[in-house]
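See below for the structure under consideration.
Throughout, read-outs are computed from the coordinates displayed, never taken from laboratory work. In this text the structure is predicted, and so the values were computed from the model without any measurement. Please note: Cβ atoms are built from the backbone with ideal geometry, for glycine as well, and neighbour counts cover all protein chains shown.
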Amino acid sequence: MPVSWWEADEGLRIVNCGGGAFHDPGTAQRFVDSLGGTADAAREGAAVEGRESGIDRRQVRFGGRLFDVTSCPRRLAGDGRGGVSGLAVDISALELGRHGYAAFTDFADFAPAAAFIRDAQGRYLWANHAYAHLYGTTPDAVIGSSVTDVDAPEDVAAFQTLDRQVLSSGKPVRHTIGYHRPDGSPGRAVGHRFPVAEGGQTCVAGIYIDITDHTLALSQRRAAEEDLQALSEHSGLPCALLSPGGRIRRVSASAAELLRVRVPDLLGSPAHRYLAPADDLAGLRHAWRDLVNRRWRRFQT
């Protein structure tokens, strides 16, 4: 069972720690910072030496895990110096065993949709791998950090405003948001943000799908179609845009004049009706499949 112990000075800065519950001292420090209430015990420890009331026992959620925490002033632990000594035992597995949430937890951690939980102060309580991947990091590096530490400065104000709206309304919100990737390039995501109860407080959860690449592909497609439309309308060349099935989607006035058919009558019609004799139709279909599959770049008939 993962256990962590620590000794912290009067300012709650860790001076010694160990155990396997946290992968590095930085995470252990964020855990101690999240306890908050032990600060009073550290500063008032001199007055409670030898008394049980100086020992703080509680259960704390951190990084999506549940810990059984015992802490006390270092004087009660036999250390003459000030500060706090503590022990944290990860009991998440016991809780999951009681409630049967283990499968769901694994699913949420590795789901392709990016998901997070933040408290009202903007501190990340949980994030899955997909969310951390958006920022080029790991969940352990995100959990315990603040939105101001993880997100780009130009995004923080908008994200905090959305969090406050969800917390004040108590209702879920579906929206599309922009964010900045670690390299500074713009990203785009669509999803929901909603209130959840976590550790006795109301927090904000979010789940999103990154649509940056999809949005870029649509933008490039629109640009290509606009270029083709400009070519067909202003060059005077006979041009037609065909669907993958070979029907005419768009056609220039010059093409309609060449074929001696009105533009409205051409739209939606099979192109082979105008572009090939019947005895060559099989060959044209074969060539068309090669064009659609990008094995050929051009074909003449």
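Descriptive notes on the structure:
- Tensor-based shape of the stretch 102-210 (alpha-carbon gyration tensor, a/c under 1.5 rounded, otherwise prolate or oblate): rounded
- When shorter helices are ignored and each DSSP H run of at least 4 residues is given -39500 (n - 2.57), the per-residue value for the chain at 222 nm works out to -10500 deg cm²/dmol.
- Computed over Cα pairs, the Kirkwood radius of the stretch 214-292 leads via Stokes-Einstein (1.306 mPa s, 10 °C) to a diffusion coefficient of 116 µm² per second.
- Crossing angle, helix 25-35 versus the chain [Cα axis fit, 0-90 degrees, rounded to tens]: 70 degrees
- Across all directions, the shadow cast by the convex hull of the chain built on its C-alpha atoms averages 24.2 square nanometres.
- Between helix 281-292 and the chain there is an angle of about 30 degrees, using the helix long axis and the longest principal axis of the Cα atoms.
- Here the simple spin-label model places points 7 Å from the Cα toward Cβ, and for residue 231 and residue 9 these points are separated by 7.0 nm.
- Relative contact order, percent, the stretch 102-210 [alpha-carbon distance under 8 Å, six or more residues apart]: 26 percent
- In plain terms, the chain is cut at each of the trypsin sites (Lys or Arg not before Pro) found in a DSSP loop with at most 15 other Cβ atoms within 10 Å, and the longest leftover piece is 82-259.
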